[in-house]
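Notes follow the structure.
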Amino acid sequence: MLTAKENLREVIRGGNPDRYVNQYEAIQLLFHPYVMHNPSPAKGQENVVNAWGVTNSFPAGTPGAFPVHTPDKIVVKDIENWKEYVHAPALDFSKEEWDMFKAQYDAVDGTKSYKAAFIAPGLFEQTHHLCEISQALMNYITDPDEMHDLIKYLTEWELKLAEGICSHLHPDAIFHHDDWGAEKNTFLRPEMFAEFFVESYKQIYGYYHDHGVELVFHHSDSYCATLVPYMIEMGIDVWQGCMASNNVPELVKKYGGKIAFMGGIDNKMVDFEGWTQEDCRKAAVDICEACGNKYFIPCITQGGPGSVYPGTYKALCDEIDKYNAEKFGLKIEEIEENRLPWQILF
């Protein structure tokens, strides 16, 4: 039997997987020293200011933290003078800090799991974190030159972060967040999205690929079907978070071999008050049978291993294991032996 990592590689490359990849089983999400210098709220905390000056809150019962954009807390007061407000955090970390995180990477069994550096937020999210979402969207229309310059500044910072991660930690994957749409549409029309982001992401993801990173996972739990050609151009290997509204089976048929898709199980299908094991069973079986096990990974659309309601994520994992055992004649004990223990972050 293939290890979880080997099986994931076969799925993505269109080889000979022996089962479905079970959500995040083949990806160990790991971090880097910047997280120690970038305050973020724990669940239930409010008004925590991060290294960029953005204020975030994480109310109980929500999937994650999000910026607080009351007028007094918006960082960029005037896009024409954004340089007065935006100051990138330093990325010069001590050897002791890098060594501490390198030890965490070294402790992961790389035969069973990809060691994936976790990076968030991405370029688009950072622009609306700094500017406020509605104002940022207006800025793309009314002040494109300033937004291009801001994105270039953010890109240069990300490239320096990438240099540190690759030279000190040597991950074989990255897991990069940047939500590009809502459930039924993208935030920017595709041509505008391409104008602002394709070249920057080609630089960032190209750097990672050129420096030992085999797989780039990009998280966007949204509708982004119209952006898939640009994802391929950027160098994304796996789009994680593809919601059901994208018609995931059709995307697999159309683009499989150029990019893989990880998702298809919206949180609202399984992660709600009163959820049941049967809800998880139905969601898992339906999407697996619709998509097949090449170029597709059944997964909750949330951007990491976990759920809003306790137990949901693990229940979904159990149902995918059961389906694999039934469909491919495998023993669940053997599947478990070929992966690391479940990583559940929230």
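Observations, loosely collected:
- 19 Å tail of the calculated P(r), the stretch 247-346, as % of Cα pairs: 44
- Selection of trypsin sites (Lys or Arg not before Pro), the stretch 151-211, meeting DSSP coil and at most 12 other Cβ within 10 Å: 184
- Segment residue 142..residue 276, full-extension length gain: 43.5 nm, with 0.36 nm per residue of separation and the alpha-carbon distance subtracted.
- For residue 231, net neighbour charge (Lys/Arg +1, Asp/Glu -1) across residues whose Cβ lies under 13 Å away: 0
- Rg then Dmax, both in Å and based on the Cα atoms of the stretch 7-61: 18.1, 49.
- Expressed in Å, the radius of gyration and Dmax of the Cα atoms of the stretch 5-108 are 19.5, 55.
- 3J(HN,Hα) couplings calculated from phi for the stretch 319-328 with the Karplus curve 6.51 cos²θ - 1.76 cosθ + 1.60 (θ = phi - 60°) are, in sequence order, 6, 5, 4, 4, 5, 4, 4, 5, 6, 10 Hz; Gly and Pro show x.
- Per-peptide packing, taken as the mean over residues of other Cβ atoms within 10 Å, places 93-104, 140-151 in the sequence 140-151, 93-104 from highest down.
- Modelled FRET efficiency - R0 22 Å, residue 90 with residue 172, Cβ distances, 0.05 increments: 0.25
- Ellipticity estimate at 222 nm from DSSP helix runs (n ≥ 4, -39,500 (n - 2.57)) divided over the chain, nearest 500: -13000 deg cm²/dmol
- Spin-label model distance (nm) - residue 70 vs residue 42, 7 Å beyond Cα toward Cβ: 2.4
- The rule of thumb for compact globular proteins, 2.2 N^0.38 Å, goes into the C-alpha radius of gyration of the chain 0.97 times.
- Cross-link partners of residue 327 among aspartates and glutamates, defined as those whose alpha carbon lies under 17 angstrom from its own and excluding same-chain residues fewer than eight positions apart: 18, 286, 289, 318, 319, 336.
- Pairs beyond 30 Å (Cα-Cα), from 112/294; 254/331; 43/268; 268/322: 254/331
- Under 11 Å, Cβ to Cβ, from residue 256 - net charge with Lys/Arg +1 and Asp/Glu -1: +4
- Cβ-placed point charges (K, R +1; D, E -1), dipole of the chain about Cα centre in debye, nearest 20: 660
- The accessible surface of the chain, taken with every protein chain in place and a 1.4 Å probe, is 51 percent carbon and sulfur.
- Protection proxy ranking of 305-311, 175-181 - average other beta-carbon atoms within 10 Å, highest first: 175-181, 305-311
- All aspartates and glutamates inside 13 Å of residue 152 as judged from Cα atoms, apart from same-chain residues fewer than 8 positions distant: 195, 199
- Fully extended contour minus Cα-Cα distance, from residue 102 to residue 57, at 0.36 nm per residue: 13.2 nm
- Unsatisfied cross-links (Cα-Cα over 26 Å) in the set 253/282; 5/160; 73/184: 5/160; 73/184
The values are calculated or read from the model by the stated rules, or taken from the named source; none is laboratory data. Treat the numbers as computed from the prediction; the structure is a model and nothing was measured. Positions of Cβ are generated from backbone atoms using ideal geometry, with glycine treated the same way; all protein chains shown enter the neighbour counts. Please note that ligands, DNA and RNA were not included when accessible areas were found on the heavy atoms of the full protein model with its side chains. Shrake-Rupley method; radii C 1.70, N 1.55, O 1.52, S 1.80 Å.
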